[in-house]
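Accompanying notes for the structure given below.
The values are calculated or read from the model by the stated rules, or taken from the named source; none is laboratory data. Quantities reported herein were computed from a predicted structural model and do not represent experimental measurements. Cβ atoms come from the backbone with ideal geometry, glycine included; neighbour counts cover every protein chain shown. Accessible surface areas use protein heavy atoms only, side chains included; no ligands, DNA or RNA. Shrake-Rupley method; radii C 1.70, N 1.55, O 1.52, S 1.80 Å.
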Amino acid sequence: MDYQEILDTIALELTTKQPRGNVATYIPELAKVSPQKFGMHLHCINSGHYCFGNSDEKFSIQSISKVFGLTLAMSLIHEDLFERVDVEPSGNPFNSLIQLEYENGIPRNPFINAGALVISDILISTLKSPKQEFLQFVQNITDNDTLKINVEVFESEKKCSYRNAALLHLMKSFGNITNDIEEVLDFYIYQCAIEMSCKELATAFMVYANRGAKLSSHEEVISPHKVKRINAIMQTCGFYDEAGEFSFRVGLPGKSGVGGGIAAIHPNQYAVTVWSPLLNPKGNSELGMYALERLTTLTGLSIF
Ligand code: GLN
């Protein structure tokens, strides 16, 4: 498979596409990112790297960090995490409060905000220095100990986290948050504020394409048995109320973030990432989804 030729075709097609969508503005710092940016990087299981555009430029990974949070929690905790967070698609926006009320404070899945806040609560109860250990975990799977958060994005989100605070208060009223609300919120926003390039994210996501092990060192980050479950949740819940559409059009497990990034994997084949800050009404990257749809169409391969 000539992946570079396929990516070059997608790059050419993108030049003819009319940019649509909006940059996220509810986190003021994200509104400053140029809507013109586009990067794509494919990391193949045979170690090949293929890319185009702004694939080496850092962006805010936002909700893509939810995959790392779940992975760290599942790698550390052996009793059933899934009593406090379910594994069903929500069919609702990522920051919705509605279901939580009538489902007794148990979030639908770990990849909506409520679910990731519960995972953050669990990590705070488990780790000595949650922020530091979380960052080290992401640095390790990326083979890059210079990764860090964007402090402006972190502070910007902290100033306007009303909905996430509301989700935490509601869940605490049901007994599903054990730590201090401010502490959980702070740790959650920290994870979202990590900055990575498409290349770095593709390297990190290789763990999910490679049965839970790093490609570089073969270190097992998470067992194949658990990574199978994480990939299943990415497939069914990785795109909020557009998870069905993403499965239909692209056909790969993946996760999006409001920074405009999407990371996806083809098990035993590749990890692929795209970044384009213009979001569709469901909060997923408009052109990013298009590029991934073209990738699985042009390669003729998806998990289906
Ligand atoms: N930090 C963002 C929030 O909590 C992440 C949302 C997202 O990327 N979908 O609202």
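Listed here are the residues, each with its yes/no results for (1) within 12 Å of the ligand (Cβ to nearest atom); (2) over 21 Å from the mean Cα position of the chain (by Cα); (3) closer than 23 Å to Phe82 by Cα.
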residue	(1), (2), (3)
Leu97	no, no, yes
Asn104	no, yes, yes
Ile122	no, no, yes
Asp143	no, no, no
Val153	yes, no, no
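Sort out which residues of region 168-199 are away from the ligand (no atom under 14 Å from the Cβ), of a type outside the set (A, V, I, L, M), without any contact (Cβ under 8 Å) to a residue 60 or more places away in the chain and open to solvent by less than 40 Å² (accessible area, probe 1.4 Å), and write them in order of number.
Asn179
Kindly indicate the residue of region 13-38 that is surrounded by 14 or more Cβ atoms within 10 Å (Cβ to Cβ) and away from the ligand (no atom under 16 Å from the Cβ) and also nearest to Asn280 (Cα to Cα) among those meeting that condition.
Applying the filter and picking the extreme gives Pro35.
Can you find a residue that is of a type in the set (Ser, Thr, Tyr) and closer than 19 Å to Gly259 by Cβ anywhere in region 34-47?
Checking region 34-47: at least one residue is of a type in the set (Ser, Thr, Tyr) and closer than 19 Å to Gly259 by Cβ.
Can you tell which of Ile45, Ile10 is open to solvent by less than 70 Å² (accessible area, probe 1.4 Å), more than 15 Å from Leu287 (Cβ to Cβ) and touching a residue at least 40 places away in the same chain (Cβ under 8 Å)?
After ruling out the rest, the residue left standing is Ile45.
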